[in-house]
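Here's the structure, in structure tokens; my notes come after.
The values are calculated or read from the model by the stated rules, or taken from the named source; none is laboratory data. All values reported here derive from a predicted model rather than from experimental measurement. Cβ atoms come from the backbone with ideal geometry, glycine included; neighbour counts cover every protein chain shown.
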Amino acid sequence: MTTDINVMHWGMDCMDDAQDARVWRHLFERMRYEATKPRKLPVRGLSRVAAVLACAAAMLMLSLPYMAPRQFSLSESQGTITPSDHQPLHAAGDWLTRHKYAVLTFDDGPEGSALDDRILRVLRHHHARALFFVVCSKMNAETARSITKMESEGHAIGNHSYDHLKLSSIASSALPHQIEDCSQRIAQVTGHRPRYFRPPFGMTSDQVRHVAEQAGMKQMLWDANSYDCLVKNPTEIVRRATNETFDASIILMHEKATTAAALDQILTNLEQRGFQFVLPDDASAAVPA
Ligand SMILES: [Zn+2]
């Protein structure tokens, strides 16, 4: 502003040499400043565009998990699941939303409608799917109804052998009865053969695994143990199951009254950590009987 006044003044009036030199110096410095001063970019406009693009990307990411169900398969270790590798955008959405996934498994049933229905009720309440590894010698007219109900509610039935023996210790000639005959027994009830096999006590061998694969099943173990076979206190079962479970875990539980009592709190705790309860994508696939 001072310069402008000086220039106007200089244009209207005469100055002496000293004044003249000062004005020229001032003008020169002003011109140099104007030429070199940093130019402001249209930051506000650009930041608005960036914000809109970021919002659109975030909304896309957040909506992806709901557009198509995530797909999983059993991992090489047989103790966890692994997401299908053609879903990188879903993985990004899960990372943003902190979603995690686990498989619930219940061994040693069916126990009959009282206990089976109690477990199914909790699973229904939490929109959770589960895999029930049944012992075929426990199957009768009543427990068969439980198995039918489990499947009708979106759960899957797995083979936990015919008599719940330590299969790695019995004669190899007895394995087909324990494994193949149990699959056939399950198929008589469900109309299709099971896709997953769990050896009793987790005790397996190359031969046991081979016989299971010959019967069209994958062997499924676990990496998270609720210890509900050892622990009698539901609160302690909740603590152990919750602490042992990580993203992609397979959780070992049993059809027991204490487990049924603990189940709602286990699922609530895990849901608060972002967990959803899924099945491997081929667990429910119908295999002809
Ligand atoms: Zn068992």
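Structure summary
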| item | result |
| --- | --- |
| Single match in Y162, Y196, Y101 (criterion: crowded, with 20+ Cβ neighbours inside 10 Å and touching an Asp or Glu at 6+ places or on another chain (Cβ under 7 Å)) | Y162 |
| Residue satisfying condition, being in the same structural domain as I250 (by TED's automatic domain parsing) and either among the basic types (K, R) or modelled with pLDDT under 95 (or both), within set H126, H90 | H90 |
| Some residue of the stretch 199-219 being closer than 24 Å to L120 by Cα, touching a residue at least 24 places away in the same chain (Cβ under 8 Å) and away from the ligand (no atom under 16 Å from the Cβ) | no |
| Matching entry among T245, T268 (being within 25 Å of A68 (Cα to Cα), of a type outside the set (D, E) and touching a helix residue (DSSP H, G or I) at 6+ places or on another chain (Cβ under 7 Å)) | T245 |
| Test: residue in the stretch 158-165 that is within 16 Å of the ligand (Cβ to nearest atom) and in a strand (DSSP E or B) | yes |
| Looking only at the stretch 166-198, and only at residues there that are free of Cβ contacts under 8 Å to residues at least 60 places away in the same chain and basic (K, R), the one that is nearest to the ligand (Cβ to nearest atom) | K166 |
| Any hit, the stretch 149-157, residues being in a strand (DSSP E or B) and away from the ligand (no atom under 16 Å from the Cβ) | yes |
| Test result for A128, more than 16 Å from the ligand (Cβ to nearest atom), closer than 19 Å to T242 by Cα and assigned to a loop (DSSP other than H, G, I, E, B) | yes |
| Qualifying residue in the stretch 267-284 (condition: among the charged types (D, E, K, R), away from the ligand (no atom under 16 Å from the Cβ), crowded, with 17+ Cβ neighbours inside 10 Å and in the same structural domain as T148 (by TED's automatic domain parsing)) | no |
| Test result for D117, touching a helix residue (DSSP H, G or I) at 6+ places or on another chain (Cβ under 8 Å) and away from the ligand (no atom under 16 Å from the Cβ) | yes |
